[in-house]
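I have placed the structure first, in the form of structure tokens, so that the comments after it can refer back to it.
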Amino acid sequence: KEKTALLEAILDNTPDIMSVKRPDLSVVRYNKAGYAFLNKSQELIEGAKCYELIGRNAPCDPCATQRAVKARQPVALEKYLPELDIHLNCRANPIFSDDGNVAYTVELIRDISERKRVEAEIRNKTEQLQHLLTEKDKLFSIIAHDLKSPMSGLVGSTQMLAMEPEIFSEQDFPFLATEMHKSARNTFELLEDLLQWARMSQGGMDYAPTSSSLDDLMTMGLSTGQDMARAKDIAIRKDVPQGLTVLVDQPMLKTVLRNVLFNAIKFSHRGGEIVITARQEGQTVTVAIQDNGIGMNEQIVSSAFFLEKDKRQRGTEGEKGTGLGLVLCKQFIEHHGGRIWVESEPGKGTTVFFTLPGV
């Protein structure tokens, strides 16, 4: 009696679920933790099939008891029960009768849902970190190529002007000045994008949305691209309702407008047209910036918002891009709770859509 009482006390004071089952999965008994987990009394549980107690019509797959009976040795496994939305660690030990057959199994069940949640969180954080490291490596590759190349050209040109000005004719200077200006402008745009990307990635960029007139923001944003558009004889047409108000961070939205507009100009043919429209449905404003330029194939569209150096296109007049502009646009638009996407077809132009919260 003392030994029986001791075994009963050990069984019922074990915090994990313990059960004794027959090979046909009928329950002999559970410990107190098992009865509490199932929220059923001992009389209702004993003799019932273990899987019926959790509302199933068939045994769990995998089933530790079935595997232990078949293998005739202890089995340990993990499984997920969607009916209860829990992860379990199950260990089943067979108990043999005098004739050598399995008479019972003793199963120890532990709820490992919290551990699985932490593992999934760690796995998610690891994937995010790996993504950030990959993006960082791509960014360094862009810096090494796109920043070094124009700076080398500027250094070489200015050195020749300083050391050997006599080798240039009067007619060479306008061409040289134009090329140096293009190189300096491209370098400045790259540096501006890099600084904003770095601030955004490190959480150092303030997000302060205010109610703003979308038409006014568009007008300010277009002013930065008018010179580029005029240089290529590209017309920019705006169709934005006067009273349309959006809740946006103005510096972020200006960056989005600048990058998308510069891309539209870059990939438009001389004499082309860019159309900017905005429409409100409910609390969402959808902006579309459409050009009739060279367009993009599906492969380039799919990588438009990623740092894919090998898939970048040159503009219609050889303009280079960093590939960082649309990455910034995506981050800024998603910061507003919106989304951004591209529709394009080779030879038929490109339309960039993005949504903003309306007021």
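The values are calculated or read from the model by the stated rules, or taken from the named source; none is laboratory data. Being a predicted model, the structure only gives us computed values, none of them experimental. Note that we place each Cβ from the backbone using ideal geometry, even for glycine, and neighbour counts take in every protein chain shown. The protein model used for the area step is the full one, side chains on, heavy atoms only, and it has no ligands, DNA or RNA in it. Shrake-Rupley method; radii C 1.70, N 1.55, O 1.52, S 1.80 Å.
Rounded, prolate or oblate: which fits the stretch 238-359, taking a ≥ b ≥ c as square roots of the Cα gyration tensor eigenvalues, rounded meaning a/c under 1.5, else prolate when a/b beats b/c?
Values: a/c = 2.01, a/b = 1.49, b/c = 1.35.
Prolate.
When only C-alpha pairs under 8 Å and at least 6 residues apart count, what is the relative contact order of the stretch 1-62, in percent? Before the final figure, lay out the partial values.
Values: 68 pairs, mean separation 15.0, N = 62.
Dividing the mean separation by the residue count of the stretch 1-62 yields 24 percent.
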Subject >> C-alpha long axis of helix 214-223 to longest principal axis of the chain, angle in ° >> reply: 50 degrees
Original post:
Summing -39500 (n - 2.57) over the DSSP H runs of n ≥ 4 in the chain and dividing by its residue number, what mean residue ellipticity at 222 nm do you reach, to the nearest 500 deg cm²/dmol?
Top reply: -13500 deg cm²/dmol
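Rank these by accessible area, largest first, 1.4 Å probe: LYS116, LYS182, LYS232, LYS32.
On the way: LYS116 55, LYS182 90, LYS232 10, LYS32 130 Å².
If we order LYS116, LYS182, LYS232, LYS32 from most to least accessible, we get LYS32, LYS182, LYS116, LYS232.
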**OP:** Express in Å², to the nearest 10, the accessible area of ARG237 obtained by rolling a 1.4 Å probe over the protein heavy atoms while all chains stay in place.
**Re:** 120 Å²
Subject >> Whole-number accessible area per residue in Å² for the chain, which is evaluated in the context of all protein chains at 1.4 Å >> reply: 57 Å²
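Relative contact order of the chain: what whole-number percent is it, with Cα pairs under 8 angstrom and at least 6 residues apart?
11 percent
What trypsin sites (Lys or Arg not before Pro) in the stretch 244-274 are in a loop by DSSP, with at most 10 other Cβ atoms within 10 Å of the Cβ?
On the way: sites: LYS254, ARG258, LYS266, ARG270; in loops: ARG270.
For trypsin sites (Lys or Arg not before Pro) across the stretch 244-274 that sit outside H, G, I, E and B with at most 10 neighbouring Cβ atoms in 10 Å, the list reads ARG270.
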**OP:** Would you mind telling me the antiparallel percentage of the DSSP bridges in the chain, rounded to 5?
**Re:** 90 percent
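Can you tell me how the stretch 71-140 classifies by the Cα gyration tensor, rounded, prolate or oblate, using a/c under 1.5 as the rounded cut? All intermediate terms of the calculation are to be shown ahead of the outcome.
Working: a/c = 6.03, a/b = 3.16, b/c = 1.91.
Here the stretch 71-140 falls in the prolate category.
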Original post:
Roughly what % of Cα-Cα distances in the chain sit above 36 Å, to the whole percent?
Top reply: 50 percent
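Within the stretch 35-127, report the GluC sites (Glu not before Pro) that DSSP leaves as loop and that have at most 11 other Cβ atoms within 10 Å.
Working: sites: GLU43, GLU46, GLU52, GLU78, GLU83, GLU107, GLU114, GLU119, GLU121, GLU127; in loops: GLU46, GLU83.
Here the GluC sites (Glu not before Pro) that fit, given the DSSP loop and packing criteria, are GLU83.
Counting only protein heavy atoms and a 1.4 Å probe, tell me what percentage of the chain's accessible area is made up of carbon and sulfur. Don't jump to the answer; show the numbers that get you there.
Working: 10980 of 20540 Å².
So the carbon and sulfur contribution to the accessible surface is 53 percent.
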Original post:
Shape of the stretch 31-105 from its Cα gyration tensor (a ≥ b ≥ c, root eigenvalues): rounded if a/c is under 1.5, otherwise prolate when a/b > b/c, or oblate?
Top reply: oblate
